Amino acid sequence: MITLSAVSKRYGNATHAALDGVTLDITEGDFAFLVGPSGSGKSTLVRLLLRDEKPTDGDIHVAGYHLNTMSGRQVPKLRQRIGCVFQDFRLLPRKTAGENIAFALTVIGRKQSDIRVAVPEALAQVGLEGKADRLPHELSGGEQQRVALARAIVNKPSLLLADEPTGNLDPVTSQDIMLLLERINATGTTIVMATHDTHLVDRARRRVIELDNGRVVRDHASAAYLADQ
Ligand code: ADP
Ligand code: ADP
């Protein structure tokens, strides 16, 4: 699903590389946590996968696309294969929960009749039946993240990227979101989640990829947030 070969990223004329010789293989169906201190390169890696940024060196393949040689016109196709959630939810504030999800389908040209079926399905998948007409500010943080998650998976992406999805949530709500991510992963969706949430990582016992200073310093299956635990 994702292959990085000796990928480096240097922003502008920075002397320091944000990513430095990263080689990674994430296969279909994997659930991988991306951990490491602030500034270690986690967001840069996520932006490279989305083709928000191009690598300075090395090759990146995502969902069958070679990102290095991909034309700008192909980028929307790549992004249709990838769902995204972020720490700050990024819902459109004047659209209801249902409209936020529908909008993501409208902009990629899906038929109105399909959208009418898909939106309630996606809301049900995240346990928000009955909240379709709420505006984001009428929902709790956890509910807003569920809407964002429903929007991210409504197009059935093969890859879900989550950048600190529980960063603004309390521990119990974070656990709920994690449970949903596990369930989405169980349907075959590959998940890459950047996080500082030691508790979630330790409980999940999934693959942990640790970055430090732009380098992969640990990549273990069924691991804890900290090495040797
Ligand atoms: P993390 O997500 O782990 O906090 P980042 O990927 O945001 O790490 O940052 C990695 C390094 O790249 C840091 O040194 C950061 O200052 C630098 N960096 C990130 N984004 C930019 C940018 N747009 N322009 C210049 N430097 C950046
Ligand atoms: P931003 O500046 O954060 O990109 P936008 O107003 O463009 O803000 O988007 C707000 C939210 O709507 C974002 O979370 C974004 O993911 C979502 N969004 C915008 N365009 C699309 C799209 N084409 N497909 C799916 N979601 C979209």
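The values are calculated or read from the model by the stated rules, or taken from the named source; none is laboratory data. Everything quoted here is computed from the prediction, not taken from an experiment. Cβ coordinates were reconstructed from backbone atoms using ideal geometry, including for glycine residues, and neighbour counts include every protein chain displayed. Surface accessibility is based on the protein's heavy atoms, side chains included, excluding ligands, DNA and RNA. Shrake-Rupley method; radii C 1.70, N 1.55, O 1.52, S 1.80 Å.
Couple of notes before you dig in:
- Assuming charge only on the beta carbon of Lys and Arg (+1) and of Asp and Glu (-1), the dipole of segment 24-69 about its Cα centre is about 200 debye to the nearest 20.
- Relative to its residue count, segment 1-44 spans a Cα convex hull of 78 Å³ per residue.
- Accessible-area composition of segment 105-215, carbon plus sulfur, in percent [1.4 Å probe]: 48 percent
- In a simple Cβ point-charge model (Lys, Arg +1; Asp, Glu -1; nothing else charged), the chain has a dipole of about 860 debye relative to its Cα centre.
- Relative counts (whole %) of C-alpha pair distances in segment 151-191, using bins that are 10 Å wide: 28, 54, 17
- Projecting the Cα atoms of G188, A224, V201 onto the dipole axis of segment 176-229, where Lys and Arg carry +1 and Asp and Glu carry -1 at the beta carbon, places G188 farthest toward the positive end.
- Calculated mean residue ellipticity, 222 nm, the chain: -9500 deg cm²/dmol, from DSSP H runs (n ≥ 4) at -39500 (n - 2.57) each, averaged per residue and rounded to 500.
- Residue among N213, N155, N13 with the largest mean-square fluctuation in a Gaussian network model of the chain, springs linking Cα atoms under 10 Å: N13
- Within the shell defined by Cβ-Cβ distances under 11 Å, the residues around A122 carry a net charge of +1, with Lys and Arg each +1 and Asp and Glu each -1.
- Share antiparallel - DSSP beta bridges, segment 92-229, percent rounded to 5: 50 percent
- Considering only M193, M178, M70, the mean-square fluctuation computed in a Gaussian network model of the chain, springs between alpha carbons under 10 angstrom, is largest for M70.
- Segment 102-229 - charge dipole about Cα centre, Lys and Arg +1 at Cβ, Asp and Glu -1, debye rounded to 20: 520 debye
- Which listed pairs, of K77/K156; K42/K95; K9/K156; K42/K156; K54/K156, have C-alpha distances above 22 Å, in listed order: K42/K95; K9/K156; K42/K156; K54/K156
- With a 1.4 Å probe rolled over the protein heavy atoms of all chains, the accessible area of F33, F86, F103 falls in the order F103, F86, F33, largest first.
- Between L49, L181, L139, the residue with the greatest mean-square fluctuation in the GNM of the chain (Cα pairs under 10 Å linked by springs) is L139.
- Amide H within-cut-off set for I82, under 5 Å, with H built and near neighbours excluded: none
- Here's the picture: charge each Lys and Arg Cβ at +1 and each Asp and Glu Cβ at -1 in the chain, and of G130, G214, A6 the one pushed furthest to the positive end of that dipole is G130.
- Note on surface exposure: V85, V117 rank V117, V85 by accessible area, highest first, 1.4 Å probe.
- Stokes-Einstein translational diffusion, the chain - Kirkwood Rh over all Cα pairs, 1.002 mPa s, 20 °C, in µm²/s: 118 µm²/s
- Accessible area per residue for the chain, computed on protein heavy atoms with a 1.4 Å probe, is 48 Å².
- Share of pairwise Cα-Cα distances greater than 23 Å in segment 23-138 is 45 percent (whole percent).
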